[in-house]
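Data first, discussion second: the structure below is written as structure tokens.
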Amino acid sequence: FPVPTVESEYIMSSEQFQYSHVCSLSEKDDGRIVASFQAGSGEKHPDSKIWYSVRNQTGSWAPVKVAVSGGNVCVMNSVQYDNGEGKLFLMFHSGGDILTKKGYCSTHSWDSYYTVSYDGGLTWEPEWYEYNGCPDCLGSVKNNCIKMSNGEVLCPTSTEATLRVGYWAAHFETTNANFTEWERHKEILFNWSEEKQKACMGIIQPTVVETSKKGEMFAFFRSGCGILAQARSTDYGRTWP
């Protein structure tokens, strides 16, 4: 395989925020790149917002702007998805449970939303949309959704020690190109490592690819065992035996 050319550059000054995290990228047909990320005084803090910048064709990043603000409530975990039909979706999370300090986010219980850009990431709609018909859907919590060979969109996601599952658990959600119909699939549980011969916290934050065989998906997970876990599906991500 040819050796890729890798370049490193800053989107903004490292002094602009005390904290920034979870950057998501999308590339437009004209060569522009849209970057979105959460930033503020710290992870889960009430002043955490989703910011964005656009890199033009000459390689310059525009000054960062706010894409999503919760006022005095934390907003975090930006993930973009371009449907190729004029809509750029931005998924994010906000809020928490009754044990969370006012305005802070909780990774154990949060609300999930998305907004939309109709101009390739130059501006974002102020509305926060929910996942139609699927109150338990989260969208993606960290890594990109992908369009599969059957036309459906598969979103990798996970939960962290909820009341239903007491440790990390990953799952996938299926939607269409316009995010109007959603289906949540069963959790993928993993709390014992044969490699390490020990119990661990489970798996979160999956990323997924489709192989050359239609409907065959491979997913890779961050695990609490200190290893990279993987799983395989042959039915477009609906089950992972």
Open item on the list: Looking at GLY103 and the list (1) of a type outside the set (Ser, Thr, Tyr); (2) touching a residue at least 24 places away in the same chain (Cβ under 8 Å); (3) in contact with a strand residue (DSSP E or B) (Cβ under 7 Å, 6 or more places away or on another chain), which single condition is not satisfied?
Closed with: (3)
Task: Search result, residues across the range 1-55 that are of a type in the set (Phe, Trp, Tyr) and either on the phi > 0 side of the Ramachandran plot or in a loop (DSSP other than H, G, I, E, B) (or both) - done: PHE1, TYR10, PHE17
Task: Residue count, the range 196-240 (criterion: touching a strand residue (DSSP E or B) at 6+ places or on another chain (Cβ under 6 Å), in contact (Cβ under 8 Å) with a residue 12 or more places away in the chain and in a strand (DSSP E or B)) - done: 21
TODO: List every residue pair whose Cβ atoms lie under 7 Å apart, where the two residues are 6 or more positions apart in sequence or sit on different chains, the first residue falls within the range 1-22 and is open to solvent by 90 Å² or more (accessible area, probe 1.4 Å), and the second residue, located anywhere, is of a type in the set (Ser, Thr, Tyr) and part of a loop (DSSP other than H, G, I, E, B).
DONE: GLN18/SER41
- [ ] Could you tell me whether the range 141-155 includes any residue that is within 17 Å of the chain's Cα centre (by Cα) and among the small types (Gly, Ala, Ser)?
- [x] no
Task: Top-ranked residue of the range 61-89 - restricted to ones that are in contact (Cβ under 8 Å) with a residue 60 or more places away in the chain and assigned to a loop (DSSP other than H, G, I, E, B), ranked as least open to solvent (accessible area, probe 1.4 Å) - done: ASN83
- [ ] With respect to CYS134, determine if the residue is touching a Phe, Trp or Tyr at 6+ places or on another chain (Cβ under 7 Å), in a loop (DSSP other than H, G, I, E, B), over 24 Å from SER20 (Cα atoms) and open to solvent by less than 40 Å² (accessible area, probe 1.4 Å).
- [x] yes
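Each row is one residue, and each column tells you yes or no for (1) open to solvent by less than 90 Å² (accessible area, probe 1.4 Å); (2) at pLDDT 95 or above.
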site: ASP97; (1), (2): yes, no
site: LYS102; (1), (2): no, no
site: THR107; (1), (2): yes, no
site: SER117; (1), (2): yes, yes
site: THR123; (1), (2): yes, yes
site: GLU130; (1), (2): no, yes
site: GLY139; (1), (2): yes, yes
Open item on the list: List pairs: first residue in the range 175-195 and more than 16 Å from THR157 (Cα to Cα), second residue among the hydroxyl-bearing types (Ser, Thr, Tyr) and in a loop (DSSP other than H, G, I, E, B) anywhere in the structure, Cβ distance under 8 angstrom, at least six positions apart or on different chains.
Closed with: ASN191/TYR167
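The values are calculated or read from the model by the stated rules, or taken from the named source; none is laboratory data. Note that the coordinates shown come from a computational prediction; the quantities given were computed from them, not determined experimentally. Don't worry about glycine lacking a Cβ; one is built from the backbone with ideal geometry, like all the others, and counts go over all protein chains shown. Quick note on the areas: whole protein, heavy atoms, side chains included, nothing else; ligands and nucleic acids left out. Shrake-Rupley method; radii C 1.70, N 1.55, O 1.52, S 1.80 Å.
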